[in-house]
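Below is one structure, written out as structure tokens; the observations come after it.
The values are calculated or read from the model by the stated rules, or taken from the named source; none is laboratory data. Quick caveat, the model's predicted, so the values are computed rather than measured. Here the Cβ is made from the backbone with ideal geometry for all residues, glycine too, and neighbour counts use every protein chain on show. Side chains are part of the model used for accessible areas, which takes the heavy atoms of the whole protein and leaves out ligands, DNA and RNA. Shrake-Rupley method; radii C 1.70, N 1.55, O 1.52, S 1.80 Å.
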Amino acid sequence: MIPFEYLEHTADIKFRAYGKTPAEMLSNAAAALFKSMVEPATIVVKETWKVELKAFDLEDLAYQWLCEIVFLFETESAVFATFSVNLEQDGTESMRLLAEIGGERIDLERHAFENEVKAITRHKFGIKKNEVWCIQVILDV
Amino acid sequence: MAEISKINDNTYEVPIGYRPGMRVPGRIFVSAALRDMVESGTIDQVANVANLPGIVNYSMAMPDAHLGYGFPIGGVAAFREEDGIISPGGVGFDINCGVRLLRTDLQATNVQPRINTLIDALFEAIPSGLGATGRLHVSDQQLTEVFTNGSQWAVEEGYGVEADLSHCEESGHMPGADQAQVSVRARKRGRPQLGTLGSGNHFLEIQRVEEIYDEPVAKKFGLFKGQITVMIHCGSRGAGHQICTDHLEVLTRAVKKYNIDIPDKQLACAPLGSPEADNYFGAMVCAANYAWANRHIIAHWTREVFERYFPGSKLDLVYDVAHNVAKIEEHQVDGKRERLYVHRKGATRAFGPSRSEVQVAYQGIGQPVLIPGSMGTSSYVLCGNDRALDLTFGSACHGAGRVMSRSQALKLFTGQNVKAALNRDGIVVKATSPSMLAEEAPQVYKPSGDVVDVVHNLGIATKVARLVPLGVSKG
């Protein structure tokens, strides 16, 4: 299983991320999102950030999770390389995501920036489970 | 499935029935050559927009149309106030992404020998690219004023002059801002980014007026052959992106609440008059005003740089247009005057002389319509015609439009060879990332002249001047 792959899109960035579990899929999706912004090889993990999110279903949780990474990138001026995700059921009505993100503060001398991701779109956003879990995402750049 | 039909040389119709649920037909304004470049996904998006409640006349796509999310890029649609909707998918994440054109009193012959120095200085003076922080440190209170007053705030703070406001769409600030609808997260993203250009297709360009098509109008716009102009393309930065993200969530729920059938989740919307619609509109206006202030500040720093190298030079604002926004406008529909919410996503207003919204300076003429080319190709200034009101609710295209994906561009070009090719054409480029230059290579866009010709030939707007790039600063 490849962790993620980028697909052709005229104006924006489209990717699919995979996982044996929903948590692994979300971790790989975060890595795909971030690789489109900054070359991961240029990032050293020096700090960690904790994320806790709640949503009605996995799709909403996935959307919030990716939005949160863009938000943290901009507001913390940090770049991320590791994404450890845990999911748990929160009662019968909602799901919770607990994650630890590893990275460091932006260093313009060292970090090789690629695209500016403005936002995660809802266009053709979706999750499927066949042999493995798969999420499809289109980023507005 | 119903077939697309040709209406005239520059208009194609997507009939009701092309996709299920269409309430009105679609209209794609392209020439035969550009028609071949319109992807089927883009046509599907035109058809999807035609599903939305209260849509008037047509779901439209401008000649630069390409695949977007929700609306296509280059999409225009108007919705009746009584039974229509508002959708962030028809505005985009970069609310009031737009273009501003400054004219100088300098001749290209004087500027060209110093173009390298000038571009370096502009690149230094105007923060751009990913990870860049602004030169400005606004307080929370100041940010509130930016959201409410836009360019007006900038001028009061000493960025730009009063005359700028009367040469700017909406005078640089739209009424109806609702601070309460802007989240703490949007404020947090927006605050450090005021006065930054951003990345991707955003740019600051020094240009030369290469060709004048309409002398009398060019004179009214203050343009002459051989003149140096400066074009700035950017938007509302993280503030706008977050406002759109936040309200998309709310409107995703509103779609279920109001039982609206949408073919694409990005077309989440709410009925006009509902609290969800009002709240999005109020927040969108805040982002639009932020974008006008942003372009105003960047223009001010551009003037400072020119003053350093060309003391006493004058940089006057020709115009500033929004190309990602929803506006409340009155239009003639079936012989009746109606209030409509006109969504323009990657489309520029192109109002002719009859509209009261046209600034005093251009009344009786029509507004300047600014259409940037890609990094190495010509940009155009056109003049809005009243004919556009009947055809497109007074809208024109916003640029050249992409035809090649970023990954394809990266396979074909490198930043280095794109830069070298532009240098051979006498164009100096400065950018933060080489891969970004490759992704924005001139070849990834449609030929800007072809796109502009459609607008001209349809009578939406008339060609006034062609501007060629001399130097580009990219994020």
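Assorted remarks:
- Ordering of A:61-70, B:254-263 by packing is A:61-70, B:254-263, highest average first (other Cβ atoms within 10 Å, averaged per residue).
- Charging the Cβ of each Asp and Glu at -1 and of each Lys and Arg at +1, and nothing else, the dipole of the protein assembly as shown about its Cα centre rounds to 720 debye.
- Inter-site label distance for B:Ser139 and A:Ser84 at 7 Å from Cα along Cβ, in nm: 4.3 nm
- Other protein chain C-beta atoms within 10 Å of residue C-beta, averaged over B:88-96: 2.
- All other residues whose Cβ lies under 9 angstrom from that of A:Gln136 are scored, Lys and Arg at +1 and Asp and Glu at -1, for a net of +4.
- Rule-of-thumb Rg ratio for the range B:70-216 [Cα; 2.2 N^0.38 Å; N residues]: 1.27
- Binning all Cα-Cα separations of the protein assembly as shown at 10 Å, short to long from zero, yields these whole-percent fractions: 3, 18, 29, 29, 16, 5, 1, 0.
- Cα centroid of the range B:411-458 to Cα centroid of the range B:56-120, whole Å: 17 Å
- For the residue pairs A:Lys14/A:Lys129; A:Lys118/B:Lys463; B:Lys411/B:Lys446, the alpha carbons lie more than 21 Å apart in A:Lys118/B:Lys463.
- Long-range lysine pairs (8 or more apart or interchain), the range B:5-368, Cα under 20 Å: 8
- Distance (nanometres) between label positions extended 7 Å along Cα→Cβ at A:Thr75 and A:Thr48: 2.1 nm
- Cα gyration tensor shape of the range A:4-140, rounded if a/c is under 1.5, else prolate or oblate by comparing a/b with b/c: oblate
- Rounded to 10°, Cα long-axis angle of helix A:58-76 versus longest principal axis of chain A: 20 degrees
- Applying a DSSP loop filter and a limit of 15 other Cβ atoms within 10 Å to the GluC sites (Glu not before Pro) in the range B:303-399 leaves B:Glu357.
- For the range B:103-148: rounded, prolate or oblate by the Cα gyration tensor [a/c cutoff 1.5]: oblate
- Per the Debye calculation on the range B:23-155 with a single equal scatterer at every Cα and no solvent contribution, log₁₀ I(q)/I(0) for q = 0.13, 0.16, 0.22 Å⁻¹ amounts to -0.86, -0.98, -1.19.
- Degrees between helix A:22-35 axis and first principal axis of chain A (Cα, 0 to 90, nearest 10): 20 degrees
- Helical runs assigned H by DSSP (4 residues or longer) give the protein assembly as shown a calculated mean residue ellipticity at 222 nm of -9500 deg cm²/dmol, each run adding -39500 (n - 2.57) before division by the residue total.
- For B:Leu118, neighbours were defined as the other residues whose beta-carbon sits under 14 Å from its Cβ, and their charges (Lys and Arg +1, Asp and Glu -1) total 0.
- Virtual paramagnetic centre 7 Å along Cα→Cβ of B:Ala163, amide N under 19 Å, in the range B:280-321: B:296-308, B:310-321
- The range B:22-101: GluC sites (Glu not before Pro) in DSSP loop, at most 11 other beta carbons within 10 Å: B:Glu82
- Mean partner shielding of peptide B:265-278, defined as the number of other chain Cβ atoms within 10 Å of each residue Cβ, is 1.
- The protein assembly as shown: antiparallel DSSP beta bridges as a percent of all, rounded to 5: 95 percent
- Distance between the pseudo-spin-label points of B:Asp83 and B:Arg387 (7 Å out from Cα toward the beta carbon): 3.3 nm.
- For residues of B:147-155, the mean tally of beta carbons on other chains within 10 Å: 0
- The Cβ shell under 15 Å around B:Asn8 holds other residues with a net charge of 0, Lys and Arg each +1, Asp and Glu each -1.
- For the range B:5-368, the pair-distance distribution built from all alpha carbon pairs, in bins 10 Å wide starting at 0, is 5, 24, 31, 26, 12, 2, 0 percent.
- The contact between chain B and chain A removes approximately 3200 Å² from the accessible area (both sides summed; 1.4 Å probe; ligands, DNA and RNA excluded).
- Ignoring aspartates and glutamates fewer than eight residues from A:Lys128 along the same chain, the ones with Cα atoms less than 14 angstrom from its Cα are A:Glu24, A:Asp57, A:Glu59, A:Asp60.
- Rolling a 1.4 Å probe across the protein heavy atoms gives the protein assembly as shown an accessible surface of 35 Å² per residue.
- Mean Cβ neighbour count within 10 Å, used as a protection proxy, ranking B:375-381, B:109-115, B:320-326, A:121-127 highest first: B:320-326, B:375-381, A:121-127, B:109-115
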